[in-house]
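Working notes, beginning with the structure itself.
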Amino acid sequence: MAEILNKVGEYVTDAIILTSKGKQLDISAFVVQTVIYEDIFSNVMTGHMVINDAADLISRLPIIGTELITVAFRTPTMPVTSSIKKDFYISSIAERELGDKEQNYVFNLIAIEGFVDSTTFLTSRLTGSTSDLIEKIYNEHLNVQKDLYIEQHTTKATVLPNHWTALKTINWLTNGGYREVPNTLFFESNKNFYCMSIDALIKNQKNNIYGSYTLTPEATSLSPTNIEQYFFIKNIAKMGFFDVLKGQDFGYYSNKLITHDIVTKQYQEWSFDYATARKGQTLLEHNMLFRDTTPNNPNTYRRVKSLDTKLWNDYTDPHYQTWAPLRNSLLYEAQSSRYIIEVHGRTDIEVGKVIECKIPKSIAKDDKSTLSSVLDPLLSGKYLITHIRHEFILGQHIMLLEIMKDSYRGSPE
Amino acid sequence: MQQNVYGDNGFYWWVGVVEDRDDPLMLGRCRVRIVGYHTPIVTELPVEDLPWAHPMQPITSAAMSGVGSTPTGPVPGTWVIGFFRDGSEGQEPIIMGTLGGAPSKEYQEKIQKDTKHGFKDPNGEYPRASYLEKNEPDTNRLARNENIDDTVVQLKDADLVSGVEVAMGGESWNQPETSYAARYPYNHVYESESGHVFEVDDTPNAERITMYHTAGTYVDVDNNGTMIQKVVGDNYEILLRNNNVLIRGSTNITVEGSCNVYIKNDCNFEVDGNLKIHSHGDLELKAGKELKLASKLDLVLHSDVFTNISGTSIITSGPVISAPLAPLTTIDPIDISRVNLPYIFGVSRRDALTTEFDSLSDNDGDGATVRDAINKAVAEGRITEEEANALPPDVSPEQFDAQVPERPVKVTTNCGVFGQQANYQLSDKLSKHFTVADLTSKARAHPGKVTGIMAFGRPVDKRVLSKQEIACNLKALAENVLDPIKDKYGDMIVSSGFRNFKPRGGATNSQHMVGQAADLQFTSTNPKDYAAIASWIKNNLTFDQLLLEYEQRRGYVAAWIHVSFNPTGCRKTFGTFWNHEYAVSNGRRCKDIIVNFIQ
């Protein structure tokens, strides 16, 4: 029988299987709420699951940690490939409430890769292209089935992980190795792993954004089955807009890198101006988030980077000055210009997607007003989804999207 | 404003083991396997994959352009402590120092066998087996004063030098034993890998400083300040400027090989006491120029076989020992070993004082008195008869000197063509008995002081005489004085004629220096009899000055007769000299000097 969508936000639970000591148990009947988080600033997905247990599963199985839970949620009518399917380990049990005939508790979940990572340590020296090294670590140490989408770079790095985990090593390589595209991140979406720069994410979706979300009162008047409802913003969180002082403190507008090479005894200062450097980056829109006349001083954020360009005989200079100051500003921007919107959930979405938001001005509108004529030029425009909180509860899939912007569509002046 | 500077993210210190020190940059860096950060499994993390840890250097070292001390020291296996310069990233280690301990033999043997295990010297050299064998701590044995038999102390004492012979049969000496008596923790020891050792030992009452080379050469300074220097190889000391050495005690130098001393400038050797030079073989003294042997007392030359003195002529300031002059063109050694030398003995002070050939008393039989001298002065035209009569009858010698001028007797000589020669040869005849060679031997003995074959023409005492003038003077002297003496006394020789220098005791205006004087000796005549010869000369010849000279030498009195002749006029003064001073002058005794003789 063909699957139908009864209501926007509806979902299908294809599986909630608990595996303990080789035995599998469908625990979907015990699950009250499932929340899954995905974030471009987090290496793996996490989540939690609220259990109402009248069968004393926790003692009979027993559940004492490290049991595997496989979840599979899907928006009806969507193919299996659009499912949110993931193996999690129970990392802890929290908020346990014992009743007379039943008990409630919470499984804190961590992606299996995160759990494996916590017990996997690297001790050998790594040298080579950063993308090659990350791919190698991903394949050899994280034991995952998902695909890794990785931007190929020629940057070479040498690192000796001092019993670092695989993900810590990957983060070091991502953080320090990708000087070609400084805002590269390693993250897991509900579909894949990515080692991609924000630049690449934006560039890849330049003509293919995920969708256009609108904040409009008309949403409430539409039929619950109208799939347009997926793209209405149900709610938008109270937001901050900018914080110039904080930006100064973190060297967002300008900063200074001081390098000192212990072998060559070279002391160098590298002043960085973001307004100038920003012009060469890939942006969601066209206009910078701040005036290029914003007062700034590189000394507002001074960072000393020790250098030892002869640390190994085959060591190559990482040229921190060419990317570290820019990465600092780019990541600050990505994390500070964020908003949270609530929308109906769909399982085909994932972090890293570019969306468009249409947000009208908070002004009185008349009959002649059209959406396009009243759009707020600073709030409306393209955004990048940096974080998704999927909540599956009582048949409803609700998503909180954290979205960031790096530019204004309209000119602020 | 935010800052992210060194240390902001914490101080991450560590401990590890040096596994490689062959720093290609030679900065003293080591590859260190760090506890907790690096795996001990060398297959996972080979030595060559360890980062180079930079050594921290002490504040006493500039660590710049070679200034300061080199940061080398740790060996593979050395435990070190340090920190990461990049904080929590833990990629850039700095070595702060080393950690000693007391390695367990069992543990070390176990990990050395485990080829996959790091945290050890990959070469298995350290810790040293000799230390492990006795479970010794890493602190040097010399600092602990334990197992000293395995240290340089034993090496030093096992090879002490003893019974070193001393010159002239002096008492031999022995090398002292080492004064090592260190107590922990006073002895500060540095020992290198090959075994060079430096010790600064502050042990109470046993303070020492030692420097020892692994070859066996060392310097020890003990608590008394006694220093032992022992060099087992060759020794080179090169001093580019002055050297000053003060030795308040005695010095023994024993050279078992040859000894060569080459001094390229003057060498002064002064000994307040006796100086003995004993050669068990030949002794050779050779001078490129003058060789002077002087003595205030005896000068004894003794040979059990022969005494050979060779040269063109042998001259003394007393009686002359001379062989016939060599031909002008060839100079052969002259053997005078058989020359009879009786004349240098047998003259006493008393002999000298009693000769008084020149006394106005009638010692020589001619009955001369002061009045005779007055008459003689009248006869020589020095005073008129009126002037003589005006003198008091008891005129004293002093009054005579004051009132009777010395009027030289005019003499003439015809130098003739001899005085017009451009050059003179030694064989040129001056007179019946004498040649140029006979009267110029002293000048020729000082070739460095003249130019040309003769000394003629050289400025002398501010007077510059031409060689022709000097030649004429010599000729006049020879003809007027020397020939008659030679006729009378066949054993007469000229020991000193023309001189181009002022000898010790000689006058600055000596007539020798203008060719007008000669010193005479008589090879077959006792010096006691020189006074008689002098008297004969005084009474029979015309001369400018006649001196009977005596000189006290160690063990004997030398005697000679000085006579001069001035072609332009002769004063005919005479007297007796004792040690180059007048004893008697013109018949008048110089009392002060005589008193001194008597005393």
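In nm, give the distance between the simple-model label positions of residue A:263 and residue B:251, each being 7 Å from the Cα along the Cα-to-Cβ direction.
Roughly 5.6 nm, to one decimal.
For region B:533-581, which trypsin sites (Lys or Arg not before Pro) are in a loop by DSSP, counting at most 14 other Cβ atoms within 10 Å?
Details: sites: B:538, B:553, B:554, B:571, B:572; in loops: B:554, B:571, B:572.
When the trypsin sites (Lys or Arg not before Pro) of region B:533-581 are filtered for loop state and at most 14 Cβ neighbours within 10 Å, B:554 remain.
Apply the a/c threshold of 1.5 to the C-alpha gyration tensor of region A:315-413 and tell me whether it is rounded, prolate or oblate.
On the way: a/c = 3.53, a/b = 1.36, b/c = 2.59.
Note, shape of region A:315-413 comes out oblate.
Listing A:327, B:31 from the residue with the fewest other Cβ atoms within 10 Å to the one with the most, what is the order?
On the way: A:327 19, B:31 24.
Fewest-to-most Cβ neighbours within 10 Å comes out as A:327, B:31.
Got a sec to turn the phi values of region B:141-152 into Karplus ³J(HN,Hα) couplings, 6.51 cos²θ - 1.76 cosθ + 1.60 with θ = phi - 60°, whole Hz, x for Gly and Pro?
Values per residue, Gly and Pro as x: 4, 5, 6, 8, 6, 10, 6, 5, 5, 9, 10, 5 Hz.
What translational D, rounded to a whole number of µm²/s, comes out for region A:151-224 from Stokes-Einstein when the hydrodynamic radius is the Kirkwood one over Cα pairs, at 10 °C and 1.306 mPa s? Each step should come with its number before you reach the end.
On the way: Rh = 15.3 Å.
Using the Kirkwood radius from Cα pairs, D works out to 104 µm²/s.
How well do other chains shield peptide A:42-51, expressed as the mean number of their Cβ atoms within 10 Å of each residue Cβ?
Values: counts 0, 0, 0, 0, 0, 0, 0, 0, 0, 0.
Partner Cβ neighbours, averaged per residue: 0.
Can you tell me which of A:33, A:396, A:103 moves the most in a GNM of chain A? Springs connect C-alpha atoms under 10 Å apart.
Between A:33, A:396, A:103, it is A:103 that shows the largest mean-square fluctuation.
Taking the inverse of the average 1/r across all pairs of different Cα atoms in region A:100-240, what Kirkwood radius in Å do you get? Mind dumping the intermediate values first?
Working: mean 1/r = 0.0545 Å⁻¹.
Result for region A:100-240, one decimal place: 18.4 Å.
Go ahead and run the numbers for FRET between residue B:226 and residue B:290, Cβ-Cβ distance against an R0 of 51 Å, rounding to 0.05.
Values: r = 45 Å, r/R0 = 0.88.
Efficiency at R0 = 51 Å is approximately 0.70.
Taking the Cβ-Cβ separation of residue B:211 and residue B:260 as r and a Förster radius of 25 Å, what is the calculated FRET efficiency to the nearest 0.05?
Details: r = 29 Å, r/R0 = 1.15.
Efficiency, from the Cβ-Cβ distance: 0.30.
For a quick size check, give me the Cα extents of region B:178-261 along its three principal axes, largest first, whole Å.
Largest to smallest, the principal-axis extents are 47, 34, 28 Å.
Are there GluC sites (Glu not before Pro) in region A:1-103 that DSSP puts in a loop and that have at most 15 other Cβ atoms within 10 Å, and which ones? Provide the component values of the computation, followed by the final result.
Numbers: sites: A:3, A:10, A:38, A:67, A:95, A:97, A:102; in loops: A:3, A:67, A:102.
Filter output for region A:1-103: A:3, A:102.
Divide, for chain A, the radius of gyration over alpha carbons by 2.2 N^0.38 Å, where N is the residue count.
Values: Rg = 23.8 Å, N = 413, 2.2 N^0.38 = 21.7 Å.
Dividing the Cα Rg of chain A by 2.2 N^0.38 Å gives 1.10.
Got a sec? How would A:125, B:499 order by Cβ neighbour count within 10 Å, fewest to most?
Numbers: A:125 19, B:499 25.
Going from least to most buried by this count: A:125, B:499.
Please identify every one of the trypsin sites (Lys or Arg not before Pro) in region A:329-413 that sits in a loop by DSSP and has no more than 10 other beta carbons within 10 Å of its own beta carbon. Could you put the intermediate results ahead of the total?
Working: sites: A:338, A:346, A:353, A:358, A:361, A:365, A:368, A:382, A:389, A:405, A:409; in loops: A:346, A:353, A:361, A:365, A:368, A:405, A:409.
For trypsin sites (Lys or Arg not before Pro) across region A:329-413 that sit outside H, G, I, E and B with at most 10 neighbouring Cβ atoms in 10 Å, the list reads A:368.
Would you work out the charge dipole size for region A:244-331 about its Cα centre, treating the Cβ of every Lys and Arg as +1 and the Cβ of every Asp and Glu as -1, and quote it to the nearest 20 debye? Display every interim value, and only then the final one.
Working: 11 positive and 9 negative charges, 40 e Å.
For region A:244-331, the charge dipole is close to 200 debye.
Once you sort the root eigenvalues of the Cα gyration tensor of region A:121-195 as a ≥ b ≥ c, which label holds: rounded (a/c under 1.5), prolate (a/b larger than b/c) or oblate (the other case)? Numbers along the way, then the final one.
Values: a/c = 1.79, a/b = 1.12, b/c = 1.60.
Note, shape of region A:121-195 comes out oblate.
Distance cut-off 28 Å, Cα to Cα: go down the list B:286/B:475; A:305/A:382; B:486/B:528; A:146/A:168 and report the pairs above it. Each step should come with its number before you reach the end.
Numbers: B:286/B:475 36 Å; A:305/A:382 35 Å; B:486/B:528 19 Å; A:146/A:168 19 Å.
From B:286/B:475; A:305/A:382; B:486/B:528; A:146/A:168, over 28 Å: B:286/B:475; A:305/A:382.
Indicate the gyration tensor shape class of region B:43-104 (rounded, prolate or oblate), computed on the Cα atoms with a ≥ b ≥ c the square roots of the eigenvalues: a/c under 1.5 is rounded; otherwise a/b larger than b/c is prolate and the rest oblate. Numbers along the way, then the final one.
Details: a/c = 1.84, a/b = 1.29, b/c = 1.43.
Oblate, since a/c reaches 1.5 and b/c is not below a/b.
Note the per residue figure in Å³ for the convex hull of the C-alpha positions in region A:244-331. If you can, show how the numbers build up before the last one.
Working: hull volume 9.0 nm³, N = 88.
Per residue, the Cα convex hull of region A:244-331 comes to 102 Å³.
On alpha-carbon atoms, Rg over Rh for region B:93-251 using Kirkwood Rh? Don't skip to the answer; put the middle values down first.
Details: Rg = 20.6 Å, Rh = 19.0 Å.
My calculation puts Rg/Rh at 1.09.
With springs connecting C-alpha atoms under 10 Å apart, model chain A as a Gaussian network and identify which of A:278, A:60, A:291 has the largest mean-square fluctuation.
In this elastic network of chain A, the residue with the biggest mean-square fluctuation among A:278, A:60, A:291 is A:60.
Within 10 Å of each residue's Cβ, count the other Cβ atoms and sort A:317, A:199 from fewest upward.
Working: A:317 11, A:199 19.
Fewest-to-most ranking of A:317, A:199: A:317, A:199.
A short reminder: the numbers here are calculations on the coordinates, not readings from a lab. Being a predicted model, the structure only gives us computed values, none of them experimental. Here Cβ is always computed from backbone atoms with ideal geometry, including for glycine, and neighbour counts include all displayed protein chains.
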